[in-house]
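As structure tokens, the structure follows; a few thoughts come after it.
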Amino acid sequence: MLVDSHAHLTQKQLSRDLDGVLSRARAAGVSVVLTVGTDLGDGRRCIEIASSRPGVYAAAGLHPHDASAWGPACRDELKAMAESGRIVAVGETGLDYHRDLSPRKAQIEAFEGQLAIAASSGLPAIIHCREAYEDCISVLEAAAVPRRGVVHCYSGGHAEAERILALGFFLSFTASLTYAASVELREVAQRAPADRIMVETDAPFLAPKKLKVRFNEPALVVYTAAALAEIRGSAPSEIEAVTSANAARLFGLRLPGGPEAGLGDGLAR
């Protein structure tokens, strides 16, 4: 059993064959998928999917690319979502200095605001960070407690990982582990504490290396788990169990066959 801790089921590559995507995931042993919104409309669609498909949970937030849309109306709607019990995390939120589609000042303001909502609602945050680790970690260090969440699609180095882990956050790894250039990333994945690691697809993006597929999907998270097992010298079954348990603990997920079995409609408890 595996948890894909970060996918975008609302993206057209997946949404046009959503039942097939989820069927293939189950056949591959991926029992739970967290679909993550990147703006409020996307978050609402994630909630709709989670409410109608067992094994799917929803998160909602404002991606740094869209941070210019942050303001009182956006804040209030996201806060209402966070307090509704229909999402299990706030995000994805964070900083992206690679593309700078929103001004950096606006990105930081939206990031800080969403971390405050996560803290006040008792939810973890899902954090996007690309080429912005110094500022991202500084915001996290200054954020309201409790600090809970995950840096998804981790792409930083050892020093950044140590600071993030020291704050209590998790690291989530994608199929980037399979890319030849990801030497330091594989070293980070090898050293990270077992109780702080998760796997994800970030589907439909970041398909595993050498697979001849047009786009990624939750079923393919098994390749990331296998790569992580090889990197850590662990049995694949051990990595599957550990990463799934970590995701369940952070997001409050109910895992089929586990102590909280009896998966319901995918909404938060």
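Where a number appears in this text, it was derived from the coordinates with a stated rule and is not lab data. The structure displayed is predicted, hence computed values, not measured ones. Every residue, glycine among them, receives a Cβ derived from its backbone with ideal geometry; neighbour counts consider all protein chains shown.
Between the alpha-carbon centres of segment 20-52 and segment 143-179 there is a gap of 22 Å.
Separation of the alpha carbons by more than 27 angstrom is noted, of LYS105/LYS209; LYS12/LYS212; LYS79/LYS209; LYS12/LYS209, for LYS105/LYS209; LYS79/LYS209.
Using C-alpha pairs under 8 Å with a sequence gap of at least 6, the mean separation divided by the residue count of segment 93-220 gives a relative contact order of 18 percent. Each Cα pair under 8 Å and six or more residues apart adds its separation to the average, and for the chain the resulting relative contact order is 22 percent.
THR201 sits among other residues whose Cβ lies under 9 Å from its own Cβ, and their net charge, with Lys and Arg +1 and Asp and Glu -1, is -4.
Residues considered: LEU253, LEU165, LEU228. Largest GNM mean-square fluctuation over the chain, using C-alpha springs under 10 Å, is found at LEU165. In a DSSP loop and with at most 16 other Cβ atoms within 10 Å, there are no GluC sites (Glu not before Pro) in segment 201-258. Taking a ≥ b ≥ c as the square roots of the eigenvalues of the Cα gyration tensor, segment 149-269 is classed as oblate, since a/c reaches at least 1.5 and a/b does not exceed b/c.
Applying the Karplus relation 6.51 cos²θ - 1.76 cosθ + 1.60 with θ = phi - 60° to segment 120-136 yields 3J(HN,Hα) values of 6, 9, x, 9, x, 10, 9, 10, 9, 9, 9, 6, 8, 5, 4, 5, 4 Hz, where x marks Gly and Pro.
Viscosity 1.567 mPa s, temperature 4 °C: Stokes-Einstein D of the chain from its Kirkwood Cα radius, in µm² per second? It comes out at roughly 72 µm²/s. Sparsely packed loop sites in segment 127-235 (the trypsin sites (Lys or Arg not before Pro) outside DSSP H, G, I, E and B with at most 14 other Cβ atoms within 10 Å) comprise LYS209, LYS210, LYS212, ARG214.
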